[in-house]
């Protein structure tokens, strides 16, 4: 199920309907990333101003390198914010392809905003924690993938489920299928770890998790 859904999602993100949304997600993603980068850079410059100008310059350069590395860690929180804006548009495209007779509905804005803000904040905190593991080879990569697999899996699944279910029922599904949701999140996390390719995270996350929710819903229907 998950492998088939992953291949189908990869194929769909290059179709014309998704390409049209891609330019909008790309513009917003880059805008948010630049905003985060500039804000952090200004903050570091403010706190690193020391009497010794050479030392200050050295620290700022090192901080800039750290920020550049941290850029990759910012893609997950940013993808949730972007996903919150465009998920419904992307989900409708996927649903029209896999099950046009049972299209989802746009959930209340407050529910979507809560999911986007909750997971963006969690992703920011946990990825900053993972960033401190940069000096521990292998462990840092494993921590990055596991943390983001969990966050991306749950976050994008919630976006997809809210188009069909109330919050209580959505949470029940999260508890009922943790392994399937985590493994699907792992596929999104791997893509999010690849520079430049990770700009496709909101599109791939939507295309994959709509399919995963649909497949799990069918499984529940057949089991009744």
Go through the stretch 166-184 residue by residue and tally those that are over 16 Å from residue 116 (Cβ atoms) and in contact with a helix residue (DSSP H, G or I) (Cβ under 7 Å, 6 or more places away or on another chain).
8
Residues to consider are 44, 31, 59, 3; find the one that is surrounded by 12 or more Cβ atoms within 10 Å (Cβ to Cβ), modelled with pLDDT of 80 or more and in a helix (DSSP H, G or I).
31
Residue 183 meets each of (1) surrounded by 23 or more Cβ atoms within 10 Å (Cβ to Cβ); (2) at pLDDT 95 or above with one exception, condition (1)
Checking residue 194 against (1) surrounded by fewer than 24 Cβ atoms within 10 Å (Cβ to Cβ); (2) in a helix (DSSP H, G or I), which single condition isn't satisfied?
(2)
Just the residues that are outside any helix (DSSP H, G or I) and either within 13 Å of the chain's Cα centre (by Cα) or without any contact (Cβ under 8 Å) to a residue 24 or more places away in the chain (or both), please, taken from the stretch 143-189.
165, 166
Is it the case that residue 80 is within 17 Å of the chain's Cα centre (by Cα), at pLDDT below 90 and crowded, with 19+ Cβ neighbours inside 10 Å?
yes
Is it the case, given these coordinates, that residue 168 is within 26 Å of residue 4 (Cβ to Cβ) and modelled with pLDDT of 85 or more?
no
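The values are calculated or read from the model by the stated rules, or taken from the named source; none is laboratory data. As the structure is a computational prediction, the values presented were derived from the model and not from experiment. With ideal geometry, Cβ positions are generated from the backbone for all residues, glycine too; neighbour counts draw on all protein chains shown.
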